[in-house]
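The next block holds one structure in the form of structure tokens; read it before the comments.
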């Protein structure tokens, strides 16, 4: 798994490529703990994410809860069909704000 982060118009965009599984979820959590402090708006660009396990879902849910406590917001963008299916089956697609692409997710903050 590779994680990159950049700030675009005061929105932290986190791009994740590869698999978010039990091993890499810890790396993602550490990365997010380092960037979440100064950011109240985040977008996860999942266009290159191949798979997400329950451990990865836990990290996304925890991040959403932290941001909500800060009156922040979180978006998921560009989900691969498998990732979307995992969220739908788990019922989590109802708690995340999901957008077709990064631009749509960015525009949703306005």
Separation of the residue 54 and residue 66 label points, Cα + 7 Å toward Cβ, nm: 2.2
Taking the DSSP beta bridges in the chain as the whole, what percent of them are antiparallel, to the nearest 5? 30
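Each value in this text was obtained by applying a stated rule to the coordinates, not by laboratory testing. Quantities reported herein were computed from a predicted structural model and do not represent experimental measurements. As a convention, Cβ positions derive from the backbone with ideal geometry for all residues, glycine included, and neighbour counts pool all protein chains shown.
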